[in-house]
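Notes for the one structure printed next.
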Amino acid sequence: MKVNYVWIIDDDAVYTFTVRKLLEQCQLAHTVKDFKNGQLAIDQLTEINFNTHLYPDIILLDINMPVLNGWQFMNEFVKFVDKNAITVYMVSSSIDPRDRERAMQYEEIEDFVIKPLTIKCLRDLLSVSI
């Protein structure tokens, strides 16, 4: 089964390209959109705020990015009325347990996943969210 719409919010172009290709080749998502930083994603959410059918089903969110990092993104994201329709996974190379603890303090974050994402991991994440 496919997820309709996935957003990847990450400044690492190689990672973004890899995850996009995995999602496409394994036919796990109909549409994949990526953003280089959290601000670009917040701008897009703001633009579509009242068109909830345009919301992503899943967001794969990095922590460390320029302009607006993952934590700052979440602080803005929680202001959106229909945020409960979106499943957020924080995906990071950080192995610091404090990052996991901090991520799980946001009720909107489903899980904290350590990079790199594998095909199996993506399938598991997306199947939970369907």
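Only the coordinates and a few stated rules stand behind these numbers; no lab work does. Just so it is clear, the model here is predicted, and its values are computed rather than measured. Here the Cβ positions follow ideal geometry from the backbone for every residue, glycine too, while neighbour counts run over all protein chains shown.
Every helix of 4 or more DSSP H residues in the chain counts as -39500 (n - 2.57), and over all residues that averages to -11500 deg cm²/dmol at 222 nm.
Only one item in [x] 1.16; [y] 1.20; [z] 0.92 matches Rg/Rh (Cα atoms, Kirkwood Rh) derived from the coordinates shown, and that item is [z]. Placing unit charges on each Cβ (+1 for Lys and Arg, -1 for Asp and Glu) gives the chain a dipole about its Cα centre, and among Leu22, Leu126, Ile109 the Cα reaching farthest toward its positive end belongs to Leu22. Report the relative contact order of the chain, percent, no decimals, based on alpha-carbon pairs under 8 angstrom and at least 6 residues apart. Relative contact order of the chain: 26 percent. Simple point charges give the picture: +1 on the Cβ of Lys and Arg, -1 on the Cβ of Asp and Glu, and for the range 3-129 a dipole about the Cα centre of about 260 debye.
Applying a threshold of 21 Å to the alpha-carbon distances of Lys2/Lys33; Lys33/Lys115; Lys2/Lys79 flags Lys2/Lys79 as lying beyond it.
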